[in-house]
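Only one structure is covered here, and it is reproduced in the block below.
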Amino acid sequence: MSGTGNQSCLTGAEDTLSLLVCLFHAWEEWAGLDQEDYLSVLEYLLWVFTPLAIVFIVPFLIVIFLYLSILFLHVYKRKNQLKEAYCNNLWDGARKTLATLWDGHGAIWHGYEIHGMEKIPDEGPALIVYYHGAIPVDYYYFLAHVIIQKGRTCHSVADHFLFKIPGFKLLLEVFSVIHGPQEECVRALKNGHLLAISPGGVREALFSDETYPLLWGERKGFAQVAIDSQVPVIPMFTQNVREGFRSLGTLRFFRWVYERFRLPIAPVYGGFPVKFRTFLGDPIPYDPNINAAELAQKVQQAVQSLIDTHQQIPGNILRALLERFHTKYKAH
């Protein structure tokens, strides 16, 4: 199409679609592209954007899995409505089924292992304190093991924003997730339940990195909960959890948005099938002679010790991937 042809095309365009087609042909002539050029450009774009698509899309698969879990719960609830009056534990079957699904996901994708499960009591309360990954998928696997191996449900403390996500209410209720007032935490423990808390919470999830710093600040509420409930504290850490998923929260803009508006919007990427091993440390028994600040420091040191013992610093995604598929891995 010549320059004169382009001008007549633009002049004779009768609607928006005709105008867009005309502009496309004009650009095509200006760029000098033919069919082979298109294929080359498409091949180049595919080469450039495929890795980006993989690392940013895979985390959404976890979200999809969560929503599938919620869908299953809704189906399960509808199917068992008639049994509700006769059964005091309507959701036991649902919890165990979902736990089996998550356990299978962990075994297949991450070769998930847990060490020290015997430290979780078969009955009675305990407070579990853990390091928070960018996406705490390792914690979901841990919950699955508690349900399957111990036949218990571990109550969990989650950030307020999780309760505002559409569709999550039923999932949070069935798995005994609470938003964390100290009184409610103490009540759960005094009723004999397990309770898990990550003192770093969203801040640690978004702003920690491959060097695995604990971002607990001066938080000691969890320690006061343990003291008021007179329960042991069990430290927990999962090896390579930062290599599975990473956050762009280290960029100043996302840190500023969170600190200013409390919006956890830092993008997460990854979903890499690295090896996950969860380690449970020795329980820290209740001691009436120490205060909350002293206990908080003691628990932080225990979690840090697990990190120092079981995690290579800085974490490396490639090394963690090789470790996942290496049949003769030697534990650190």
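Residues of segment 307-330 being in a helix (DSSP H, G or I) and among the charged types (D, E, K, R), which ones? Quick ask: steps written out before the conclusion?
Quick first cut of segment 307-330, residues in a helix (DSSP H, G or I) only: 307-310, 317-325.
Answer for segment 307-330, where residues must be in a helix (DSSP H, G or I) and among the charged types (D, E, K, R): D308, R319, E323, R324.
Can you name the residue in segment 197-231 that is open to solvent by 40 Å² or more (accessible area, probe 1.4 Å) and polar (S, T, N, Q) and, of all such residues, is nearest to the chain's Cα centre (by Cα)? Walk me through how you get there before you give the answer.
Here is the first cut: in segment 197-231, the residues open to solvent by 40 Å² or more (accessible area, probe 1.4 Å) are 203, 209-211, 213, 215, 217-220, 224, 228, 230.
With the extra rule that they be polar (S, T, N, Q), the set shrinks to 211, 224, 230.
On the way: T211: 18, Q224: 26, Q230: 30 Å.
In this case the residue turns out to be T211.
Of the numbered conditions (1) open to solvent by 30 Å² or more (accessible area, probe 1.4 Å); (2) modelled with pLDDT of 80 or more; (3) not acidic (D, E), K77 satisfies every one except a single condition; which is it?
K77 satisfies all of (1) open to solvent by 30 Å² or more (accessible area, probe 1.4 Å); (2) modelled with pLDDT of 80 or more; (3) not acidic (D, E) except (2).
Here are V274, V303: which of them is within 25 Å of I135 (Cβ to Cβ), β-branched (V, I, T) and in contact with a strand residue (DSSP E or B) (Cβ under 6 Å, 6 or more places away or on another chain)?
Working: V274 fails: in contact with a strand residue (DSSP E or B) (Cβ under 6 Å, 6 or more places away or on another chain).
Within the list V274, V303, the selection yields V303.
Give the residues of segment 80-92 that are open to solvent by 30 Å² or more (accessible area, probe 1.4 Å) and either at pLDDT below 70 or assigned to a helix (DSSP H, G or I) (or both), sorted by residue number.
Across segment 80-92, the qualifying residues are Q81, L82, K83, E84, A85, Y86, C87, N88, N89, D92.
Sort out which residues of segment 176-207 are in a loop (DSSP other than H, G, I, E, B), in contact with a Ser or Thr (Cβ under 8 Å, 6 or more places away or on another chain) and either within 28 Å of W256 (Cβ to Cβ) or free of Cβ contacts under 8 Å to residues at least 24 places away in the same chain (or both), and write them in order of number.
At the first step, the residues of segment 176-207 found to be in a loop (DSSP other than H, G, I, E, B) are 176, 179-181, 191-193, 198-200.
Imposing the further condition that a residue be in contact with a Ser or Thr (Cβ under 8 Å, 6 or more places away or on another chain) reduces the set to 176, 193, 200.
S176, G200 - these are the residues of segment 176-207 that are in a loop (DSSP other than H, G, I, E, B), in contact with a Ser or Thr (Cβ under 8 Å, 6 or more places away or on another chain) and either within 28 Å of W256 (Cβ to Cβ) or free of Cβ contacts under 8 Å to residues at least 24 places away in the same chain (or both).
The values are calculated or read from the model by the stated rules, or taken from the named source; none is laboratory data. Predicted, not measured: the structure shown is a model, and the values here were computed from it. When we count neighbours, we look across all protein chains shown, and the Cβ atoms used for this are built from the backbone with ideal geometry, even at glycine. Note: accessible area is taken over every heavy atom of the protein model, side chains too, but ligands, DNA and RNA are not part of it. Shrake-Rupley method; radii C 1.70, N 1.55, O 1.52, S 1.80 Å.
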